[in-house]
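The values are calculated or read from the model by the stated rules, or taken from the named source; none is laboratory data. Nothing here was measured: the structure is a model prediction, and the numbers come from that model. These area figures cover heavy atoms from the full protein model, side chains too; ligands, DNA and RNA do not enter into them. Shrake-Rupley method; radii C 1.70, N 1.55, O 1.52, S 1.80 Å.
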Amino acid sequence: SSLGPAGEGYALEISEDRKWRFRIGLVGGGESVLETPSRIPAPSGGWVHVAATWDGSKLRIFVAGQLAAESPAQEVVGTFLRNHNKPLVLGSAGVDGDWFDGSIDELVFYASAISPGRARAHASYAN
């Protein structure tokens, strides 16, 4: 999937080898990528709470309220959501036929990164 015309933007996705992946476009092109070390279990008909945050220096992925992966990011484009003229797209990588096959519920965006405690609280509420 693409992050936009110059690699700008954000993406939370499932990788080809079934891991959660969080990507952020970098200033001048390229991207910072973070993947969880473990594969996503086969679907069981239930929900899983996933949160991805960037606090200006670190990318983090929380799964079921627990920190699953963390990594520093470099020179990230932090103004993309405010200033970019492209629409927000959910459930697609922007390529014809590349749609998320599942349900998305209770999607929330914050102006700043949430704390690990808040990620746990969201996950406990979702279950």
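Summary of values
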read-out: In Å², nearest 10: area of residue 17 left accessible to a 1.4 Å probe; value: 70
read-out: Protein-only accessible surface order, largest first, of 109, 100, 62 at 1.4 Å; value: 109, 100, 62
read-out: Accessible area (Å², 1.4 Å probe, nearest 10) - residue 70; value: 90
read-out: For segment 101-110, 3J(HN,Hα) per residue [Karplus equation, 6.51 cos²θ - 1.76 cosθ + 1.60, θ = phi - 60°, Hz, x = Gly/Pro]; value: 9, x, 10, 10, 9, 6, 6, 9, 10, 10
